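What follows is a short report on a single structure.
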Ligand SMILES: [Zn+2]
């Protein structure tokens with residue numbers, strides 16, 4: 001049987017609005033220092049909580065595999081994340097998980113809740129599509145991470 005990692009399986013969509021916060025390394029130094037203090041005081045990880053996993057429209061890119069890469073349009077404008085196509089909706093050591101995927105002990109097999117589209121980007125990465133906020137006619141850019 002031939003597998004096609006880019007052909008999504010039919011699945012239900014449960015849109016959820018989530019507030020995200022910019023990747024820490026792209027924040028002003030003083031704010032990063034305050035976040036580090038908060039992390040030490042609360043034992044939370046800002047990076048895990050600030051950016052949701054899974055498919056999403058908008059939001060921020062999590063540059064967790066590399067340092068942030070400047071996404072600049074040919075017109076000089078900073079580009080914005082339009083869409084994330086993710087291999088997983090949430091990770092095993094998750095910080096973000098849809099309420100609908102709350103373990104009940106009777107859930108179907110694991111991949112169907114964590115990977116409902118069954119799309120695999122690279123070795124389990126995400127595909128980010130960036131656009132220029134100045135004009136939809138300017139070429140988009142993609143990054144896989
Ligand atoms: Zn542009």
Note to self: C-alpha centroids of the range 114-145 and the range 1-68 sit apart, in Å, by 14 Å
Could you work out the helix-only [θ] at 222 nm for the chain, with each DSSP H run of four or more residues adding -39,500 (n - 2.57) and the total divided by the number of residues, to the nearest 500 deg cm²/dmol?
-4500 deg cm²/dmol
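Below 8 Å between Cα atoms, with a sequence gap of 6+, how large is the relative contact order for the chain in percent?
Averaging sequence separation for qualifying contacts and normalising by length gives 26 percent for the chain.
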Residues residue 44 and residue 6, FRET efficiency given R0 of 30 Å [Cβ-Cβ distance, rounded to 0.05]:
0.30
Want the number for residue 140 to residue 19: 0.36 nm per residue separation, take away the alpha-carbon distance, what's left?
41.2 nm
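How much length is gained if the chain between residue 27 and residue 66 is pulled fully straight, taking 0.36 nm per residue apart and subtracting their Cα-Cα distance, in nm to one decimal?
12.4 nm
Each value in this text was obtained by applying a stated rule to the coordinates, not by laboratory testing. Keep in mind that what you see is a predicted model, and the values were worked out from it rather than measured. Glycine gets a Cβ as well: all are built from the backbone with ideal geometry, and neighbour counts include every protein chain shown.
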